[in-house]
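The values are calculated or read from the model by the stated rules, or taken from the named source; none is laboratory data. Keep in mind the model is a prediction, meaning the values are calculated, not measured. So basically every Cβ, Gly included, is an ideal-geometry build from the backbone, and we count neighbours across all protein chains shown. Accessible surface areas use protein heavy atoms only, side chains included; no ligands, DNA or RNA. Shrake-Rupley method; radii C 1.70, N 1.55, O 1.52, S 1.80 Å.
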Amino acid sequence: MERRVAEGLRDALSPFGFEMHAFKVGWYNAILQPAFHLPYSDDTLAFVVLSTPSMFDKALKPFVNKERLKIIRDPVDQCVSHHLLRVKEKFPDQRMDVIFDYEILPSRKPKFLAQTAAHVAGAAYYYQRKDVKLDPWGKKKIYGVCIHPKYGGWFAIRGLLLFPDIQVPFLEQSAPVDCVSTEEKRIELLEQFNFHWQDGHYRDIIEVKERYSEEQKAYFATPPVERFKLLGLTQETQKSMFH
């Protein structure tokens, strides 16, 4: 069953530049405080969905051209939700829950911790302060960051797909690839990510197979409100639809 679902997801999402990695809810819940637990049994099948550099051309641009008049919030969020919700049609007889990376609980906590999910699913290694033996940061707050073995930091975690009625007690866990394996590189990665993230150097901490195009970099570097212009959408088009 798990294989059939995985193949169905791949067929539906890979052509649009998404990547899926299976995990059991129990692996995720086991390393987090109860406040962050996903409310499913431990053996429940889940997938973390990543967008790769090609998503911009394969999914976002065609989506914007086609749905031009229906885009009323962040185009990337809307494009991702369009593709993930369409997957439900592939499994009409299965319950499937979708949680997006931007969703938050009433407590303002995120509905899921994206980087932890990517790590337990073996999708990308979540490098944190505890991965550095001789910590140079003293009292500073240091955030961790996920690095993908193929795309470095040129990817994003977009959501979770959960199948509450599919239990996979025998699913085997694959460890994420530890691609930033030296102490020096890990310190450099966390320094770059925490103190110079705008320049994006942390994304190239390893040799990458593919990165964002110049157009895509410009898009993500632009404040969300101005992104409409870059895609040839005007805020006016947006407003006129509602009058």
Seminar exercise, completed: In whole Å, largest first, the alpha carbons of the chain cover along the principal axes 58, 44, 38
Exercise. So what is the calculated 222 nm ellipticity per residue for the chain, using -39500 (n - 2.57) for each DSSP H run with n of 4 or more, over all residues, to the nearest 500 deg cm²/dmol?
Worked result: -9000 deg cm²/dmol
Problem set entry | Max mean-square fluctuation residue, GNM over the chain, Cα-Cα springs under 10 Å, options M96, M55, M20 | M96
Problem set entry | Accessible solvent surface per residue of the chain, calculated while the other protein chains remain in place, 1.4 angstrom probe, Å² | 53
Seminar exercise, completed: Output for the range 1-97: trypsin sites (Lys or Arg not before Pro) sitting in coil per DSSP, at most 13 other Cβ within 10 Å, listed by number, reads R73, R95
Seminar exercise, completed: Expected unfolding gain across I31-A6 under the 0.36 nm per residue rule, minus the alpha-carbon gap, is 6.6 nm
Seminar exercise, completed: With a Förster distance of 51 angstrom and the Cβ-Cβ distance between E89 and W137, calculated FRET efficiency to the nearest 0.05 equals 0.60
Problem set entry | the range 151-223 versus the range 9-68: alpha-carbon centroid distance in Å | 14
Exercise. How about K58: which lysines have a C-alpha closer than 26 Å to its C-alpha, ignoring those fewer than 8 places off in the same chain?
Worked result: K66, K70, K88, K90, K150, K209, K217, K229
Problem set entry | Share of alpha-carbon pairs per 5 Å distance bin for the range 28-117, given as whole % | 2, 11, 19, 20, 19, 15, 9, 4, 1
Exercise. Straight-line reach from K130: which lysines have Cα under 22 Å away, leaving out those fewer than 8 places along the same chain?
Worked result: K139, K140, K141, K185
Exercise. Round to a whole number: what % of the accessible area of the range 67-144 belongs to carbon and sulfur, probe 1.4 Å?
Worked result: 53
